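Notes for the one structure printed next.
The values are calculated or read from the model by the stated rules, or taken from the named source; none is laboratory data. Computed from a predicted structure; not experimentally measured. Using ideal geometry, Cβ is built from the backbone for each residue, glycine included, and neighbour counts are taken over all protein chains shown. What goes into the accessible areas is simple: the full protein's heavy atoms, side chains included, and nothing from ligands, DNA or RNA. Shrake-Rupley method; radii C 1.70, N 1.55, O 1.52, S 1.80 Å.
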Protein chains: 2
Amino acid sequence: MRKENSTNFLNEKDLANNCGMYYTITLIGGRWKISILAALLDHEVMRYSEIKTRLTNITERMLIKQLKELQDDGLIIRNDYKEVPPRVEYSISKKGRSLEKLLIEMQQWGKKHSKE
Amino acid sequence: MRKENSTNFLNEKDLANNCGMYYTITLIGGRWKISILAALLDHEVMRYSEIKTRLTNITERMLIKQLKELQDDGLIIRNDYKEVPPRVEYSISKKGRSLEKLLIEMQQWGKKHSKE
DNA sequence: CAGCATCCAGGGGGATACTG
DNA sequence: CAGTATCCCCCTGGATGCTG
């Protein structure tokens, strides 16, 4: 980032969309999204019920909603085996995995500063 | 992050607060916060009116609100010179500056993936 | 098992007008 | 110049009950 006297970090051209920063936030900013992503980064593949068990307190509506948004944004992959009884597995996508480093840093920053 | 078979990224103890990730999101997740932080990281010190000019489209209410929250969270510093006419300068705090690396990475990730 | 439907509160965010 | 004060919309997120 620059200091001298003008715009480098946020140049005029990119100002409108905050150089993509806001895009990133909108993708992971949902109430439960980072928890879901973290769980999937940790377990590779999880069934719906596993995620639900893991994220105590989340309601079914919210879980489905956040899963769908993550899927629409291409961060996770939904695999419906179309069996009876239903069996659906969720996994992280390439795009989702590319967020791993960022999430870890957010985690570290949060841990470090949340007690201040 | 781990793969073998269990929880490292999100261990049970930290699950409740998502290992601090959610804390981080709440601090920078406001509609205009990253723009303000980026502007202050870029300019060191800015007057209220400068920020307002820079962030076209933001309303006064929103600007003040987000500035106050950023200040309450310790990310920026407000310096009121108590002059007439008023003169108030905003600058980034140490805690705020420690977010710089993270913001740049969010920017890069967003730029790279927003066209997909 | 893996959802969907409905209802609802709260707050985030915006427009506009006013002030010390 | 640097804010306040109102008003208002809508969307997020939560509770609860139902279903293929």
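Assorted remarks:
- A label point on A:Ser49, set 7 Å along the Cα-to-Cβ line, lies at 6.5 nm from each of its counterparts in the other copies, closest listed first.
- Total accessible area lost when A and B pair, probe 1.4 Å, Å² to nearest 100: 4800 Å²
- Other-copy label distances relative to A:Lys65, 7 angstrom Cα-Cβ extension, nm: 1.9
- Extension gain for B:Gln108-B:Gln71 works out to 10.7 nm (0.36 nm per residue, less the C-alpha to C-alpha distance).
- Residue-averaged beta-carbon neighbours from other chains (10 angstrom radius) around B:43-51: 1
- Note on B:22-32: average number of Cβ atoms from other chains within 10 Å of each residue's Cβ is 6.
- Counting charges near B:Gly30 (Lys, Arg +1; Asp, Glu -1) among other residues having Cβ under 9 Å from its Cβ returns a value of +2.
- Dipole-positive endmost among B:Thr56, B:Asn79, B:Gln107 within the stretch B:32-113 (Cβ charges, Cα centre): B:Gln107
- In this structure, the residue pairs whose Cα-Cα separation is over 22 Å, taken from A:Lys95/B:Lys33; B:Lys68/B:Lys115; A:Lys101/B:Lys112; A:Lys112/B:Lys101, are A:Lys95/B:Lys33; B:Lys68/B:Lys115.
- Where rotation carries B onto A, the chain B residue whose Cβ is nearest that axis, in whole Å: B:Gly29, 3
- Note on the stretch B:32-113: Kirkwood radius taken over Cα pairs, Stokes-Einstein applied at 37 °C and 0.692 mPa s, translational D equal to 249 µm² s⁻¹.
- Taking all Cα pairs closer than 8 Å and separated by 6 or more residues, the relative contact order of the stretch B:32-113 comes to 32 percent.
- For A:Arg87, residues with placed amide H under 5 Å, excluding near neighbours: A:Tyr81, A:Lys82
- Between B:Ser91 and A:Thr56, the FRET efficiency from the beta-carbon distance, with R0 = 41 Å, is close to 0.50.
- In this structure, the amide hydrogen of B:Arg47, modeled 1.01 Å from its nitrogen in the peptide plane, lies closer than 5 angstrom to those of B:Tyr90, counting only residues at least 5 positions away or on a different chain.
- Taking 7 Å steps out from each Cα toward its Cβ at B:Ile64 and A:Lys82 produces label points 5.8 nm apart.
- Position A:Ser93: other-copy label points at 3.7 nm, ordered by increasing distance, label point 7 Å along Cα→C-beta.
- Amide H contacts for B:Ser93 (H built 1.01 Å from N in the peptide plane; partners 5 or more residues away or on another chain; cut-off under 5 Å): B:Ile76, B:Ile77.
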